[in-house]
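One structure is given below, encoded as structure tokens.
Each value in this text was obtained by applying a stated rule to the coordinates, not by laboratory testing. In this text, all values refer to a predicted model and were calculated from it rather than measured experimentally.
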Amino acid sequence: MSDQQPASDPNDGPRILVDADACPVKEETYRVAARYKVPVVIVSNSPLRVPQSPLVSRVVVDNGFDAADDWIAERAGPDTVVITADILLAERCVKSCAQVLAHNGKPFTANSIGSAVAVRAIMADLRVGADGITGGPPPFSKADRSAYLQALDRVLVKLAKSR
């Protein structure tokens, strides 16, 4: 299942788990994590190139439905930052008390996840009613990238203070 061992033991302190297959902010994650010396685990269904660093590791899961999500959710906890755009994965990780960020820096919290799941369901219904034709999300922007960097920085500072 894994081609590299994860960068840290789950009990060693904060770490970042990245739902990586469609993640546009991997490079930004590596830079912020290096500044705080926080391990990053890139989780994907196919091998992705990662920097050679003792702080970065890669886990390749099988192609089973939600295999990457399951791997991440099983390891999410209070000292974990999860990076994902998958609202249902975010919900699972929030329930495990993980800090969860979308690629645009938007945090998923216990207070916001319910409405995010509801909006996801409504959008799925609308896509079915529109024969699957929708405009899709807006393009990923420099402002999204900047918001993500700021949000990840805030979350890592918060985790460091709570230790």
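Test of understanding: what is the full-extension gain from residue 63 to residue 36, defined as 0.36 nm times their sequence separation minus their Cα-Cα distance?
Gain on extension, residue 63 to residue 36, equals 6.5 nm.
Put simply, the amide H of residue 82, placed in the peptide plane, has neighbours under 5 Å in 17, 99, 100, 101, leaving out anything fewer than 5 places away on its chain. Per-residue 3J(HN,Hα) values for the stretch 84-91, derived from phi via the Karplus relation 6.51 cos²θ - 1.76 cosθ + 1.60 with θ = phi - 60°, read 7, 9, 7, 5, 5, 5, 4, 4 Hz in sequence order (x marks Gly and Pro).
Straightening the chain between residue 142 and residue 154 buys 2.5 nm, computed as 0.36 nm per residue apart minus the Cα-Cα spacing.
Mean separation of Cα pairs under 8 Å and 6 or more residues apart, divided by the residue count, gives the stretch 33-105 a relative contact order of 22 percent.
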